[in-house]
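Report on one structure; see the data block that follows.
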Amino acid sequence: MRWLRARLGQLEGERGSALVEFVFIALVALVPLVYIVAGFSAVQRGVFAANAAAREAGRALATAADPVTGQAQALRAAELAVEDQSVDATDVRVAYAPAGSDCDAAGSYTPVLVPGERFSVCVTVTVRIPLLPEFVDANTATGQFVVERERYVDG
């Protein structure tokens, strides 16, 4: 093997340089890859949180006795669902849209909780990408859940 190394021009003083090159290339390739995976997982966690929050807010509102306490319960249920996904619950917005419309119309409807009422609950969660400064614009995830109030409700 010694004659092969001499023939290829490798000298004895270059032993171990492959290890240094491998570590350098691994750091240059793996650190950005880990950051990208962490960023995508943060965004996906926000999407899961928004969907779960919309579902739980809709269930809380559908079973409420009156609209005022129902909206308070819906907001608290949404905050708990977002906290369950390890997302900062300070950036949670709950809005309501009429039946059959998208979350673009959210905020234009106020549920009255009459029997048989249908409406959508839209929850928007702000997702921050890890290690980015605050002035960088954050992503938002919106979850929607359609609530159909029971037709036969006491009271």
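Would you check which residues across the stretch 80-124 are under 22 Å from Ala141 (Cβ atoms) and of a type in the set (Val, Ile, Thr) and list them? Matches in the stretch 80-124: Val82, Val87, Thr90, Val92, Val94, Val121, Val123, Thr124.
Cβ separations smaller than 9 Å between residues 6+ apart or across chains give the following pairs from the stretch 130-152 residues that are part of a loop (DSSP other than H, G, I, E, B) to residues that are of a type in the set (Phe, Trp, Tyr) and surrounded by 18 or more Cβ atoms within 10 Å (Cβ to Cβ): Arg149/Phe119.
Just one of Ala65, Ala99, Ala72 is loosely packed, with under 15 Cβ neighbours inside 10 Å and in contact (Cβ under 8 Å) with a residue 60 or more places away in the chain; which is it? Walk me through it before giving the result.
On the way: Ala99 fails: in contact (Cβ under 8 Å) with a residue 60 or more places away in the chain; Ala72 fails: in contact (Cβ under 8 Å) with a residue 60 or more places away in the chain.
One residue alone meets the criteria, Ala65.
With respect to the stated conditions, Val94 is over 11 Å from the mean Cα position of the chain (by Cα), surrounded by 19 or more Cβ atoms within 10 Å (Cβ to Cβ) and of a type in the set (Val, Ile, Thr). Can you confirm whether Cys103 is modelled with pLDDT of 95 or more, touching a Cys at 6+ places or on another chain (Cβ under 7 Å) and of a type outside the set (Asp, Glu)? Taking the combined requirement at face value, the residue does not satisfy it.
Based on what the data block shows, is Arg55 charged (D, E, K, R) and over 15 Å from Val146 (Cα atoms)?
On the way: charged (D, E, K, R): yes; over 15 Å from Val146 (Cα atoms): no.
Here the answer is no, as Arg55 does not meet what is asked.
To keep it simple, each residue is scored yes or no on (1) within 21 Å of Val146 (Cβ to Cβ); (2) out of contact with any Lys or Arg (no Cβ under 7 Å at 6 or more places or on another chain); (3) assigned to a loop (DSSP other than H, G, I, E, B).
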| site | (1), (2), (3) |
| --- | --- |
| Val23 | no, yes, no |
| Ala29 | no, yes, no |
| Asn51 | yes, yes, no |
| Ala64 | yes, yes, yes |
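Just to check your reading of the model, which residue among Val43, Val87 is among the aliphatic types (A, V, I, L, M), modelled with pLDDT under 90, surrounded by 10 or more Cβ atoms within 10 Å (Cβ to Cβ) and in a loop (DSSP other than H, G, I, E, B)? Being among the aliphatic types (A, V, I, L, M), modelled with pLDDT under 90, surrounded by 10 or more Cβ atoms within 10 Å (Cβ to Cβ) and in a loop (DSSP other than H, G, I, E, B) holds for just one of Val43, Val87, which is Val87.
If you check Val114, Val121 for being within 26 Å of Arg149 (Cβ to Cβ) and assigned to a loop (DSSP other than H, G, I, E, B), only one passes: Val114. Could you tell me whether any residue of the stretch 100-108 is in contact with a Ser or Thr (Cβ under 8 Å, 6 or more places away or on another chain) and outside any loop (DSSP other than H, G, I, E, B)? Yes, the stretch 100-108 contains a residue that is in contact with a Ser or Thr (Cβ under 8 Å, 6 or more places away or on another chain) and outside any loop (DSSP other than H, G, I, E, B).
The values are calculated or read from the model by the stated rules, or taken from the named source; none is laboratory data. These numbers were taken from a predicted model, which means no experiment stands behind them. Every residue, glycine as well, gets a Cβ built from its backbone with ideal geometry; the counts of neighbours run over all protein chains shown.
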